[in-house]
Amino acid sequence: MICYLAIVVDDEPHAASNLAHKLELTGKVQVVGKFDAALDAIDYLDATEQRIHFVFCDIVMEGMRGTDAVRLFRERADCVILYTGKPEYSLDGESHLADAKLPKSVTQAELNETIENLINPRNPKAPVRIPTYINIKAMPVTKEDIDHTDRDIRIAIADLLYVERSGNYVHFYTLNQQGQIVLTGRLKTSIMALYREYESTNLFLYVNASQLVHVKFIIDHLKDGVTVPGWAFGISSKGKPYYRRYLKRKGLDG
């Protein structure tokens, strides 16, 4: 399951912890930071390498109010949700730029529904967009295929074992009941660009300049590599910082 990343901004520690707990209970959101001031949250968003999908911000706080910080958050994250225990302030400042508004008394069901509406791929106005497919240009395998090389193939990200670039082509290794399937095609972006697009979702491990591994298929975590069904991958020197970050997220860096 894709995990969306969120931060909570509230100068009331108990309220921040309560909302963070409810967000974790949705099963789709991971809270990666809690801040008691909007400016501290903005500094974090400027410094982090992760893509933050949700900013949940209280309206009435010391210093910069949430309604005055919405535009700054929108420039740095996918989605801004204002929440407050004082609804009389909910129309102040630039509150109209928020993607949603919630009371601090929000129930778990209401929060679940809000998250679903904001990530729903069938909702054209949903602000959170994480691609779940890779589109590649089909390559001819037999003579009969030559007339059909302009068609696109959609590959579900969740089904990929690993991705490997070879020259001008990219091989996508996926699994089904019969075993491994290899699809070959052209990919417009580089392996690194593909990795960065999905990094915040924790879907891929960057192995080296030509290989990505889907983390759900990793069997063993070695000092300098990983294994997946039928394959072992050594981590290149360029890939080691990404591997260390991945191990830290998994709690395997001890």
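Values in this text are rule-based calculations from the coordinates and carry no lab data. Bear in mind the structure is a predicted one, so any value in this text is a computation, not a measurement. Quick reminder, even Gly has a Cβ in these numbers, built from the backbone with ideal geometry, and neighbours come from all protein chains shown.
The ranking of Ser190, Ser237 from fewest to most other beta carbons within 10 Å of each one's beta carbon is Ser237, Ser190.
Panel order for Val170, Val29, by other beta carbons found within 10 Å of each beta carbon, from fewest to most: Val29, Val170.
Pairs exceeding a 29 Å alpha-carbon distance, out of Lys22/Lys238; Lys22/Lys240; Lys34/Lys250; Lys28/Lys104; Lys22/Lys216: Lys22/Lys238; Lys22/Lys240. Treating each Cα of segment 4-119 as one equal point scatterer and applying the Debye formula with no solvent, the log10 of I(q)/I(0) at q = 0.13, 0.19, 0.24 Å⁻¹ comes out as -0.40, -0.93, -1.62.
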